């Protein structure tokens, strides 16, 4: 496996990510231990794990989750390339959630003291970590709003718009006729939105029959974005803001 230097990271060429100075990139590189590949449907971080490192998701899709004693799972949020993983564990003795790979993923692994070094040596990067953590919290807040107050149709419409726009921002070119990669199963959607699998299936089919979207062969197309947005009652347009990359 070829290790990609931070200066050559393909994500940094995307408009989604804000530029960083040579000295900041050098610091990030110095804190990076290795790159690891994790196969699809494997756990990256286990619930309760106390020695989890910090990661940046370089490629692939994953999710954060918590489970109940009987195995019922709630997906807290979906992780896409550029997301910074593991900060919560650094605030306590162990991590309260798990991280699971949806597809094959590539992860940049950072030293366990990386957070301290970022704040001590480069306050701007320390603020970037704070921004990323707050951004992730906002995604979880939005999902809580969906689970607590939106109808099934509104929940699914919101998820489709947000993930479509997040995925589109990671493409080098605007989405074509195929749309954007969408590796989620209906079970992932159900677990993320607090719906049963049967209800999720019926809702997706209903929205597709109305000509709002299509999911086919692992790709998502939005056929009527305005109608979906009206249905979702989405705060903002769902388009991700420019963001730092650690």
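If you go through the range 55-66 one residue at a time, do you hit one that is out of contact with any strand residue (DSSP E or B) (no Cβ under 7 Å at 6 or more places or on another chain), buried (at least 20 other Cβ atoms within 10 Å of the Cβ) and either modelled with pLDDT of 95 or more or not in a strand (DSSP E or B) (or both)?
Within the range 55-66 (the criterion being out of contact with any strand residue (DSSP E or B) (no Cβ under 7 Å at 6 or more places or on another chain), buried (at least 20 other Cβ atoms within 10 Å of the Cβ) and either modelled with pLDDT of 95 or more or not in a strand (DSSP E or B) (or both)), the answer is no, since none of the residues qualifies.
Hey, can you tell me all the residues within the range 8-43 that are assigned to a strand (DSSP E or B), buried (at least 19 other Cβ atoms within 10 Å of the Cβ) and modelled with pLDDT under 95?
Correct list: 32 only.
Just to be sure I understand, how many residues within the range 143-175 are more than 18 Å from residue 213 (Cβ to Cβ), surrounded by fewer than 22 Cβ atoms within 10 Å (Cβ to Cβ), at pLDDT below 95 and touching a helix residue (DSSP H, G or I) at 6+ places or on another chain (Cβ under 8 Å)?
2
Go through (1) surrounded by fewer than 17 Cβ atoms within 10 Å (Cβ to Cβ); (2) more than 23 Å from residue 38 (Cβ to Cβ); (3) outside the structural domain of residue 81 (by TED's automatic domain parsing) for residue 133 and report which single condition fails.
(2)
Identify the residue in the range 176-212 that is touching a residue at least 12 places away in the same chain (Cβ under 8 Å) and farther than 26 Å from residue 65 by Cα and, among all such residues, is surrounded by the fewest Cβ atoms within 10 Å (Cβ to Cβ).
Looking at the filtered set, the residue picked out is 177.
Matching residues to (1) in a strand (DSSP E or B); (2) crowded, with 20+ Cβ neighbours inside 10 Å; (3) over 13 Å from the mean Cα position of the chain (by Cα); (4) at pLDDT below 95:
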| residue | (1), (2), (3), (4) |
| --- | --- |
| 78 | yes, yes, no, no |
| 82 | no, yes, no, no |
| 89 | no, yes, yes, yes |
| 94 | no, no, yes, yes |
| 108 | yes, yes, yes, no |
| 117 | no, no, yes, yes |
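This table checks each residue for (1) under 21 Å from the mean Cα position of the chain (by Cα); (2) part of a loop (DSSP other than H, G, I, E, B); (3) in the same structural domain as residue 24 (by TED's automatic domain parsing).
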| site | (1), (2), (3) |
| --- | --- |
| 167 | yes, no, no |
| 173 | yes, yes, no |
| 183 | yes, yes, no |
| 190 | yes, no, no |
| 200 | yes, no, no |
| 205 | no, no, no |
| 221 | yes, no, no |
| 240 | yes, yes, no |
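In the range 137-165, what residues are more than 17 Å from residue 239 (Cβ to Cβ), touching a residue at least 12 places away in the same chain (Cβ under 8 Å) and assigned to a helix (DSSP H, G or I)?
Once the filter is applied, which keeps residues that are more than 17 Å from residue 239 (Cβ to Cβ), touching a residue at least 12 places away in the same chain (Cβ under 8 Å) and assigned to a helix (DSSP H, G or I), the range 137-165 yields 140, 143, 146, 147, 152, 153, 154, 155, 156.
The values are calculated or read from the model by the stated rules, or taken from the named source; none is laboratory data. As the structure is a computational prediction, the values presented were derived from the model and not from experiment. No Cβ is skipped: glycine too gets one built from the backbone with ideal geometry, and neighbour counts run over all protein chains shown.
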